[in-house]
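Asks: Below you will find the structure I want to go over with you.
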Amino acid sequence: MSKSDRAARIREVMREEGDSVGHHARSHEEGRREAVRDLPDYETLKGRARATKEDAIERLPELIEDLRESVEANGGTLYVADDAADANRYITETVGDADTVVKSKSMTTEEIEVNDALAEAGVDAVETDLGEWVIQLAGESPSHLVGPAAHKPREAIAELIAAEFDLADPPETAEELTAFAREKLWETIRTADVGMTGANFVVAESGSIALVTNEGNARKVATTPDTHVAVAGVEKVIPTVEDLEPFVELLGRSGTGQDLTVYTSLLTPPTASPVPDFSDPDAPLVDEEPGPSGEANPDREFHLVLIDNGRLAMRDDEDLKETLYCIRCGACANSCGNFRSVGGHVFGGETYTGGIAGGWEAGIEGLDTAAEFNDLCTGCSRCVPGCPVEIDIPWINTVVRDRINRGEAGAGEFDHLVDGLTPDEEPAGLDLGTRLVGNYATLAEWGHRTAPVANRLANAGPVRSVLERVAGIDRRRDLPEFASESLVEWFAARGGPAVAADEAEREAVVYPDTYTNYVDPDRGKATVRTLEALGVHVRVPDLPPSGRPPLSQGMVATAEARAEALSDAVAGHLDAGRDLVVVEPSDLAMVRSEYEKFLAPAAFDRIAEGTYDAMEYVHGLIDNDAGGGLDALVHGGGDEGGRDREVAYHPHCQARTVGVAAHATEVLERAGFDVLESDTECCGMAGSFGYKADYYELSLDVGEPLVEQFGGSDRTLVATGTSCGEQLDALLDRPARHPIELIAPREQPTS
């Protein structure tokens with residue numbers, strides 16, 4: 001799909017499906033937060049769930065053989081399918097001359113497209129999950145891992161059912177629609193030849209399958225027909241029944257915000273119950289003279305089909321392996337700003353949707369499929385805290401992006417434009433827009449050295465037109481203007497530290513990140529003045545960039561080189577007991593999180609433990625009565641008692657993830673400001689994402705909740721993140737300030 005086609009598709013889906021998807025995702029994310037807020041040992045449960053999946057995937061071949069023994073001992077059959085074609089061949093042969101197969105919800109059967117295979121064999125496959133049934137009637141694909149019809153409003157569903165069944169008086173309310181579906185589907189279930197389910201978990205020691213649902217249809221599908229076929233990926237196998245405990249606690253809470261789903265069924269098929277005879281109302285539903293406990297009914301048949309389809313190769317891939325820990329709760333989608341606007345029909349591949357889809361689709365379908373939506377994961381990291389098995393979803397998508405980049409490497413049309421300008425570690429032929437954004441530090445340094453000429457040139461109409469055509473930078477976005485004097489140059493010109501080391505309570509290095517150094521030195525200057533007012537000996541050395549921009553573009557080798565360079569550059573300062581204070585939250589998150597992937601453990605621990613967010617650091621100094629405390633700070637927000645004391649604060653998404661966002665709120669409130677904090681966690685800008693022409697409208701749509709909350713107010717806008725400030729300016733047409741600028745002593749005029 002071309003970039004223009006993709007942009008058009010995004011606009012179409014936002015218009016037609018965005019409201020429904022957004023409502024569904026937000027309500028479930030709010031439910032998740034509420035459900036886990038008072039859950040004892042929530043983090044411990046997540047750790048146990050993660051450990052169980054790690055162990056199970058590590059021992060997977062052994063567990064599959066244990067499972068085979070258990071299933072066969074129970075009277076069933078286990079088949080391990082190499083791929084979708086192999087699975088469908090086995091299933092169609094097993095179904096044989098059946099007329100109808102009734103199915104409960106299963107993303108794995110969506111993956112292998114078993115309904116199409118059955119149809120080709122002359123078998124009618126009917127979905128019995130309400131959402132799956134709706135999209136089957138509509139001829140569509142699921143838009144969410146948990147809510148397949150999340151993109152359809154109730155009115156559209158009512159119209160669909162009225163048209164499909166030619167109803168003169170169609171059901172309209174949710175209750176009426178559900179009752180109609182229940183009646184229709186029960187007629188089909190009770191006469192079906194075969195029942196097909198998925199499996200949320202499969203227990204190796206007993207051959208049991210766990211089904212977690214809200215409708216009860218899975219139980220009917222599994223026990224009403226005489227033949228039950230269960231289909232699951234090999235990654236669903238866990239060792240013991242006891243291992244289910246953390247998953248039962250976490251799955252409903254993570255997916256829909258329920259403490260427990262309505263139906264949590266543990267079946268060990270084939271079951272001992274008789275096959276129901278609905279033609280005889282007096283026929284018993286249980287054996288009047290049951291055999292030995294647990295003995296299968298000879299009239300029943302059970303087949304468990306485990307699917308490989310690329311999973312075992314993912315198991316051997318250190319960067320994609322974590323994908324197999326996924327329990328398909330959909331929490332990553334619910335928390336994602338981009339997903340809330342476009343849903344899985346844009347943010348998804350052949351089968352899987354949301355953040356985790358990047359790993360699934362790359363491993364199962366290939367990089368070409370993943371490339372269609374990979375950019376929609378911006379690495380904001382808001383999905384990470386909500387994942388019940390602690391999967392680093394942004395890293396998986398970054399690795400996939402890196403592989404896409406390298407797969408496209410070759411002679412590029414515009415390679416000559418960036419020769420010598422982009423000192424990165426990437427192969428030739430990388431997409432020009434990716435390469436330019438990934439090397440933003442180089443561009444910013446060049447722009448600073450040639451300002452103000454560079455600023456006039458960059459914002460000239462012809463240049464913006466070329467940038468949009470060759471690099472995909474949307475001309476509707478204002479580009480940042482470069483400063484003539486960098487933060488490092490300012491600090492040197494003022495004579496260096498204002499507080500002598502031997503008089504200081506602490507020593508700190510203020511990190512001159514690319515944006516603070518070359519675009520907005522004022523926030524860096526405010527940081528320096530604030531720390532000095534609190535008795536800190538401050539240094540601002542010239543330091544390498546953190547590697548955040550190349551990492552955001554999937555330029556992993558370049559990001560790793562940047563990480564190593566910065567680690568080496570600050571090692572002496574950290575070893576000397578100086579703290580590293582970071583103004584830009586994305587750089588802080590890079591150091592505290594992603595550097596673990598790039599540095600040796602000792603080097604990572606040193607820099608991660610010695611690095612602080614600027615407002616976090618100020619908070620700590622004030623708590624410890626450093627220097628003059630709050631009394632030493634002149635509040636630069638303006639009128640001491642007027643409206644400038646009222647602020648609207650939007651914390652950076654990654655600042656929330658690493659746990660430092662609240663420090664700014666507390667410091668400002670203690671300094672006398674009235675703080676209104678944003679309800680939304682993603683402004684939609686996400687670094688370079690909002691600059692791209694393909695995603696400009698989507699970026700603004702994601703940020704719309706900020707307009708709803710802050711738009712009717714004249715509060716001073718405050719944001720810690722560079723991209724957040726730019727987005728607030730675009731959305732509300734007024735600039736945002738870094739919170740440290742509100743509390744910093746005013747700069748003394750030079751004589």
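The values are calculated or read from the model by the stated rules, or taken from the named source; none is laboratory data. On a predicted model such as this, the values are computed, not experimentally measured, just so you know. Please note: Cβ atoms are built from the backbone with ideal geometry, for glycine as well, and neighbour counts cover all protein chains shown. To get the accessible areas, we keep the full protein, side chains included, count just its heavy atoms, and leave off ligands, DNA and RNA. Shrake-Rupley method; radii C 1.70, N 1.55, O 1.52, S 1.80 Å.
Asks: With a 1.4 Å probe and every protein chain kept in, tell me what percent of the accessible surface of the chain is carbon plus sulfur.
Replies: Reported share for carbon and sulfur atoms: 47 percent.
Asks: So what's the angle, to the nearest 10 degrees on a 0 to 90 scale, between helix 84-95 and the longest Cα principal axis of the chain?
Replies: Between the helix axis and the principal axis of the chain, the angle is about 20 degrees.
Asks: Hey, another quick one. Assuming 0.36 nm per residue, please report the length gained on full extension of the stretch residue 169 to residue 466 beyond their Cα-Cα distance.
Replies: 101.2 nm
Asks: Using the Cα centre of the chain as origin and beta-carbon charges of +1 (Lys, Arg) and -1 (Asp, Glu), tell me which of 102, 272, 28 is placed farthest towards the positive end of the dipole.
Replies: 28
Asks: With a cap of 16 neighbouring Cβ atoms within 10 Å, and only residues DSSP puts in a loop, list the chymotrypsin sites (Phe, Trp or Tyr not before Pro) found in the stretch 224-333.
Replies: Answer in residue order: 278.
Asks: Right, another one. Using alpha carbons only, how many angstrom separate the centre of the stretch 570-625 from the centre of the stretch 469-544?
Replies: 16
Asks: Moving on to the next point. Scan around residue 671 for amide H atoms under 5 Å from its own, H built in the peptide plane at 1.01 Å from N, and keep only partners 5 or more places away or cross-chain.
Replies: Hits under the 5 Å cutoff: none.
Asks: Oh, and also: Give the relative contact order (percent, whole number) for the stretch 127-254; include only Cα pairs under 8 Å separated by 6+ residues.
Replies: Reported as a whole number, the value is 20 percent.
Asks: What shape does the stretch 39-185 take by its C-alpha gyration tensor, where a ≥ b ≥ c are the square roots of the eigenvalues and a/c under 1.5 counts as rounded, a/b above b/c as prolate, and the rest as oblate?
Replies: Because a/c hits 1.5 or more and a/b fails to exceed b/c, the stretch 39-185 counts as oblate.
Asks: Summing Lys, Arg as +1 and Asp, Glu as -1, what charge do residues with Cβ under 11 Å from the Cβ of residue 153 carry, residue 153 excluded?
Replies: Its environment carries a net charge of -3.
Asks: Using modelled amide H (1.01 Å from N, peptide plane; none on Pro or chain starts), what sits under 5 Å from the amide H of residue 237, excluding residues fewer than 5 places away?
Replies: 202
Asks: A further question follows. Let me know the charge dipole size of the stretch 489-626 about its Cα centre in debye, to the nearest 20, where only the beta-carbon of Lys, Arg (+1) and Asp, Glu (-1) is charged.
Replies: Roughly 320 debye, rounded to the nearest 20.
Asks: Let me ask another. What residue among 742, 717, 698 has its Cα farthest toward the positive end of the dipole of the stretch 694-751, where the charges are +1 on Lys, Arg and -1 on Asp, Glu, each on the Cβ?
Replies: Final value for the positive-end residue is 742.
Asks: I would also like to ask the following. Put +1 on the Cβ of every Lys and Arg and -1 on every Asp and Glu Cβ in the chain; which of 659, 307, 64 then has its Cα farthest towards the positive end of the dipole?
Replies: Ranked along the dipole, the leading option is 659.
Asks: Going by a ≥ b ≥ c, the root eigenvalues of the Cα gyration tensor, does the stretch 163-277 fall in the rounded group (a/c under 1.5), the prolate group (a/b larger than b/c) or the oblate group?
Replies: Verdict is oblate for the stretch 163-277.
Asks: Now for a different question. Per residue of the stretch 356-363, what does 6.51 cos²θ - 1.76 cosθ + 1.60 with θ = phi - 60° give for ³J(HN,Hα)? Whole Hz please, x for Gly and Pro, Karplus curve as stated.
Replies: Ordered by residue, 3J(HN,Hα) equals 6, 4, x, x, 4, 6, 5, x Hz.
Asks: Would you tally the net charge around residue 373, using a Cβ to Cβ cut-off of less than 10 Å, leaving residue 373 out, and scoring K and R as +1, D and E as -1?
Replies: Cβ neighbours under 10 Å give a net charge of -2.
Asks: On to the next question. Quick query: amide H of residue 613 versus all other amide H atoms, modeled in the peptide plane; which residues come in under 5 Å with a sequence gap of 5 or more or a different chain?
Replies: For residue 613, whose amide H was placed from the backbone, the distant partners under 5 Å are 582.
Asks: Stretched out fully, how many nm does the piece from residue 746 to residue 631 gain, at 0.36 nm a residue minus the Cα gap?
Replies: 40.0 nm
Asks: Additional query: Once label points are set 7 Å from the Cα along Cα→Cβ at both residue 155 and residue 15, what is their separation, rounded to one decimal in nm?
Replies: Going by the 7 Å Cα→Cβ label model, 1.7 nm.
Asks: Can you tell me, using C-alpha contacts under 8 Å and at least 6 residues apart, the relative contact order of the stretch 1-140 as a whole percent?
Replies: So the answer I get is 14 percent.
Asks: In square angstrom, what is the accessible area per residue of the chain with a 1.4 angstrom probe?
Replies: That works out to 40 Å² for each residue.
Asks: Using the Cα atoms of the stretch 480-534, I'd like the radius of gyration and the largest Cα-Cα distance, Dmax, both in angstrom.
Replies: Rg then Dmax for the stretch 480-534, in Å: 11.7, 39.
Asks: Using a 7 Å offset from Cα along Cα-Cβ at residue 55, what residues in the stretch 308-348 end up with backbone N under 19 Å from the label point?
Replies: Label zone hits: 322, 324-327.
Asks: Additional query: Just to confirm the number: angle between the C-alpha axis of helix 521-533 and the first principal axis of the chain, 0 to 90 degrees, nearest 10?
Replies: Once rounded, one gets 70 degrees.
Asks: May I ask for the net charge around residue 304, where only other residues with Cβ less than 12 Å from the Cβ of residue 304 are counted and Lys, Arg are +1 while Asp, Glu are -1?
Replies: For residues surrounding residue 304, the net value is 0.
Asks: With +1 on each Lys and Arg Cβ and -1 on each Asp and Glu Cβ, how big is the dipole of the stretch 398-556 about its Cα centre, in debye rounded to the nearest 20?
Replies: 480
Asks: Taking the Cα centre as origin and putting +1 on Lys and Arg beta-carbons and -1 on Asp and Glu beta-carbons, what dipole magnitude results for the chain, to the nearest 20 debye?
Replies: Taking the Cα centre of the chain as origin, the dipole is about 2680 debye.
Asks: Same structure, new question: Relative to the longest principal Cα axis of the chain, at what angle does helix 60-74 sit, 0 to 90 degrees, rounded to 10?
Replies: Roughly 20 degrees, rounded to the nearest 10.
Asks: Then there is this: Whole-Hz Karplus ³J(HN,Hα) for the stretch 168-184, in order, using 6.51 cos²θ - 1.76 cosθ + 1.60 and θ = phi - 60°, x for Gly and Pro?
Replies: 6, 10, x, x, 10, 6, 4, 5, 5, 5, 5, 5, 4, 5, 4, 5, 4
Asks: Which whole-number percentage describes the relative contact order of the chain, with Cα contacts under 8 Å and a sequence gap of 6 or more?
Replies: Across the chain, relative contact order equals 12 percent.
Asks: Then there is this: With a ≥ b ≥ c the root eigenvalues of the C-alpha gyration tensor of the stretch 447-586, is it rounded (a/c under 1.5), prolate (a/b larger than b/c) or oblate?
Replies: In terms of gyration-tensor shape, oblate.
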